[in-house]
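Beneath this line is the structure, given in structure tokens, with notes to follow.
The values are calculated or read from the model by the stated rules, or taken from the named source; none is laboratory data. All of these numbers come straight from a predicted model, not from anything done at the bench. Note that each Cβ is placed from the backbone with ideal geometry, even for glycine, and that neighbours are counted across all protein chains shown. In case anyone asks, the SASA skips ligands and DNA or RNA and just uses the protein heavy atoms, side chains included. Shrake-Rupley method; radii C 1.70, N 1.55, O 1.52, S 1.80 Å.
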Amino acid sequence: SGAVTTAGSLIFPSDFRWGTATASYQVEGAATEDGRGPSIWDVFAAEPGRVHAGDSGARACDHYHRYPQDVALMRELGIDVYRFSVAWPRVQPDGRTLEPRGLDFYDRLVDELLGAGIDPMLTLYHWDLPQALQETGGWENRDTAYRFADYAGQVFARLGDRIQDWTTLNEPWCSAYLGHFTGLHAPGRTDARGALTAAHHLLLGHGLAASTLRASMSERHRLSIVLNLAAVRVDEDDEAHREAVRRVDGLQNRFFLDPLLRGSYPSDVLADVSWLGDWDTVVQPGDAELIAAPLDLLGINYYSPSRVAPADPAVVSGGMPGLRGVRHLPPRGALTGFDWEQEPAALTDLLVRLSRDYPEVPLMVTENGSAWPDRIEADGSVVDPDREHYLLEHLRAVHAAIEAGADVRGYLAWSLLDNFEWAAGYSQRFGLVYVDYQTQQRIVKGSGRRYASVIADNAVPTAASSMD
Ligand code: GBH
């Protein structure tokens with residue numbers, strides 16, 4: 001595996017890649033500059049009651065203007081990879097027509113990264129759909145998948161010469177289920193069947209974009225998708241609990257993994273959700289082949305486990321469209337922001353299981369991190385031992401997964417900067433770097449310095465040898 005444990009130290013494989021991640025709407029700001037059109041998040045954030053304190057990404061971290069400083073910070077941390085996303089409404093303000101000034105920004109950003117010795121990893125869609133496409137049905141409309149492939153081709157034509165790593169979608173589960181079922185995210189829809197339809201169209205958009213990109217890609221390019229998978233935990237191992245796990249794992253994990261990596265939707269999940277209507281009217285002939293296009297890498301975003309127990313199978317459960325017979329249990333132990341539970345072992349189990357069940361695709365942890373109520377000390381520093389502890393514990397969990405045989409190629413911390421945390425606005429801080437939103441000052445937190453030393457060592461101290 002290349003992972004080694006020596007006295008006091010967990011050493012990662014020599015080609016292991018370290019990095020950080022952000023997303024366009026969460027950091028860029030400059031929402032009306034250089035021809036950018038409105039996205040569904042601009043519209044959603046403007047609706048009363050949708051986002052904490054009425055916050056929006058209109059200014060965010062002003063990364064659009066401050067990217068040279070942010071790249072310099074990354075260089076200081078010593079990172080190998082920066083995962084960022086492109087704002088579709090900068091590139092195609094109306095979802096169709098090219099705005100070259102939008103691509104000019106990413107061109108400058110990529111050159112700045114390459115100049116600093118950092119590999120750019122580009123995500124084409126991290127939730128900011130052009131509002132014009134929402135007005136024709138958004139992801140519930142099959143045509144949006146074709147629009148996405150067209151947009152993907154235009155971004156590749158401009159940046160394909162300098163970027164190796166291309167990710168189509170970030171967390172289609174969130175776009176589909178939070179955006180169309182719970183309504184907690186833009187566009188704020190609450191329609192179970194619409195949510196499953198959106199999930200298929202997102203996957204179809206991935207497949208169509210994959211076929212467009214592959215036509216121009218060479219050997220050195222890598223194509224990926226990023227999923228937020230459930231690390232499901234139960235307290236007992238009887239049949240009822242195994243059934244609850246099957247349902248959650250089915251609707252959150254296999255519903256995305258199987259069409260991507262095995263060529264078809266899982267039949268047990270289709271049976272679970274058949275009460276929402278006929279799936280064959282959503283999936284067209286040829287879709288399955290497109291969606292199953294070969295992947296070079298699967299990105300996994302992991303924060304917290306999903307604790308469940310069985311419930312009356314007639315009772316509809318919240319959170320996911322068509323889910324029944326499952327109860328969500330309260331989180332345990334010391335909780336991070338959002339009251340998320342810390343369970344690093346669940347990350348080990350998830351990575352090992354993926355490499356066992358889907359052995360052909362290499363993995364990367366493309367997001368992992370924690371929110372805490374950080375503040376600036378009197379001496380101007382930001383001290384965040386809880387985030388440092390979370391970081392080290394999860395890196396140990398990744399190391400354990402590699403030792404157990406999982407093919408994990410890298411780890412990207414969420415996030416480089418404190419930023420616009422979707423429905424929570426600016427109330428949750430995930431950064432390795434603190435952002436003072438009044439002055440836009442950046443301060444590297446204790447966790448950021450700790451991450452820099454992990455990267456320099458290509459190793460994490462064992463829990464026993466460390467005071468954290
Ligand atoms: C990531 O998604 C995002 O990619 C990133 O943009 C974001 O900043 C980061 O997380 C931190 O939040 O109560 O139904 O919401 C995380 C995906 C999905 C994790 C929902 C927590 C809780 C269940 N999230 N989940 S719900």
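Quick one: which helices (runs of 4 or more DSSP H) sit completely within region 2-79 and have at least 2 residues that are over 19 Å from residue 109 (Cβ atoms)? Steps first, please.
Working: elements: 24-27, 40-46, 63-77.
Of the helices (runs of 4 or more DSSP H) lying wholly inside region 2-79, those with at least 2 residues that are over 19 Å from residue 109 (Cβ atoms) span 40-46.
Does residue 129 meet the test of being aliphatic (A, V, I, L, M), open to solvent by less than 30 Å² (accessible area, probe 1.4 Å), within 16 Å of the ligand (Cβ to nearest atom) and touching a helix residue (DSSP H, G or I) at 6+ places or on another chain (Cβ under 7 Å)? Don't jump to the end; show me each part of the working.
Working: aliphatic (A, V, I, L, M): yes; open to solvent by less than 30 Å² (accessible area, probe 1.4 Å): yes; within 16 Å of the ligand (Cβ to nearest atom): yes; touching a helix residue (DSSP H, G or I) at 6+ places or on another chain (Cβ under 7 Å): yes.
Taking the combined requirement at face value, the residue satisfies it.
Quick one: which of 192, 176 is within 16 Å of the ligand (Cβ to nearest atom), surrounded by fewer than 24 Cβ atoms within 10 Å (Cβ to Cβ) and closer than 15 Å to residue 273 by Cβ? Reasoning before the result, please.
Numbers: 176 fails: surrounded by fewer than 24 Cβ atoms within 10 Å (Cβ to Cβ).
It is 192.
Which ones in region 439-467 are at pLDDT below 95 and open to solvent by less than 60 Å² (accessible area, probe 1.4 Å)?
Here is the first cut: in region 439-467, the ones at pLDDT below 95 are 463-467.
Correct list: 463, 466.
In region 5-16, what residues are modelled with pLDDT of 95 or more and either surrounded by fewer than 19 Cβ atoms within 10 Å (Cβ to Cβ) or closer than 20 Å to residue 103 by Cβ (or both)? Explain how you work it out, then say what you get.
To start, the set of residues in region 5-16 that are modelled with pLDDT of 95 or more comprises 9-16.
Listed by number, the residues that qualify are 9, 11, 13, 14, 15.
The conditions are (1) open to solvent by 10 Å² or more (accessible area, probe 1.4 Å); (2) within 16 Å of the ligand (Cβ to nearest atom); (3) in a helix (DSSP H, G or I); (4) touching a strand residue (DSSP E or B) at 6+ places or on another chain (Cβ under 7 Å), and residue 390 fails exactly one of them. Which is it?
Just one mismatch for residue 390, condition (1).
Look through region 385-442, keep the residues that are touching a residue at least 12 places away in the same chain (Cβ under 8 Å) and β-branched (Val, Ile, Thr), and return whichever of them is farthest from residue 338 (Cα to Cα).
Pass one, region 385-442, residues touching a residue at least 12 places away in the same chain (Cβ under 8 Å): 385-437, 440, 442.
Filter once more, so that each one left must be β-branched (Val, Ile, Thr): 398, 402, 408, 433, 435.
Working: 398: 23, 402: 29, 408: 27, 433: 19, 435: 19 Å.
Of everything passing the filter in region 385-442, 402 is farthest from residue 338 (Cα to Cα).
Are any residues in region 293-320 near the ligand (Cβ under 10 Å from one of its atoms) and either open to solvent by 20 Å² or more (accessible area, probe 1.4 Å) or among the polar types (S, T, N, Q) (or both), and if so, which ones?
Once the filter is applied, which keeps residues that are near the ligand (Cβ under 10 Å from one of its atoms) and either open to solvent by 20 Å² or more (accessible area, probe 1.4 Å) or among the polar types (S, T, N, Q) (or both), region 293-320 yields 301, 303, 304, 306, 318, 319.
Residues that are within 14 Å of the ligand (Cβ to nearest atom) and more than 17 Å from residue 51 (Cβ to Cβ): does region 422-431 have at least one? Let's see the steps before the verdict.
Applying the first criterion (within 14 Å of the ligand (Cβ to nearest atom)) to region 422-431 yields 422-431.
Going one step further and asking which of them are more than 17 Å from residue 51 (Cβ to Cβ), we end up with 431.
Yes, because at least one residue in region 422-431 is within 14 Å of the ligand (Cβ to nearest atom) and more than 17 Å from residue 51 (Cβ to Cβ).
If you check residue 348 against the conditions, is it modelled with pLDDT of 95 or more, assigned to a strand (DSSP E or B) and either open to solvent by 10 Å² or more (accessible area, probe 1.4 Å) or within 16 Å of the ligand (Cβ to nearest atom) (or both)?
no
Looking only at region 39-61, decide whether some residue is more than 23 Å from residue 176 (Cα to Cα) and open to solvent by less than 10 Å² (accessible area, probe 1.4 Å).
yes
Looking at region 207-237 only, could you name the residues that are away from the ligand (no atom under 16 Å from the Cβ) and either within 20 Å of residue 330 (Cα to Cα) or aromatic (Phe, Trp, Tyr) (or both)? First the steps, then the outcome.
As a first pass, look at region 207-237 and keep what is away from the ligand (no atom under 16 Å from the Cβ): 207-223, 234-237.
234, 235, 236, 237, listed by residue number.
Name the residues in region 113-126 that are surrounded by 20 or more Cβ atoms within 10 Å (Cβ to Cβ), away from the ligand (no atom under 16 Å from the Cβ) and not in a strand (DSSP E or B), would you?
From region 113-126, those surrounded by 20 or more Cβ atoms within 10 Å (Cβ to Cβ) are 113, 118, 120-126; that's our starting set.
After this cut, where a residue has to be away from the ligand (no atom under 16 Å from the Cβ) as well, the list is 113, 118, 120.
Those that are surrounded by 20 or more Cβ atoms within 10 Å (Cβ to Cβ), away from the ligand (no atom under 16 Å from the Cβ) and not in a strand (DSSP E or B): 113, 118.
Would you point out the residue of region 370-387, among those that are touching a strand residue (DSSP E or B) at 6+ places or on another chain (Cβ under 8 Å) and not β-branched (Val, Ile, Thr), that is most open to solvent (accessible area, probe 1.4 Å)?
386
For residues that are within 26 Å of residue 225 (Cβ to Cβ) and of a type in the set (Gly, Ala, Ser), tally how many sit in region 95-138.
Final tally of qualifying residues: 5.
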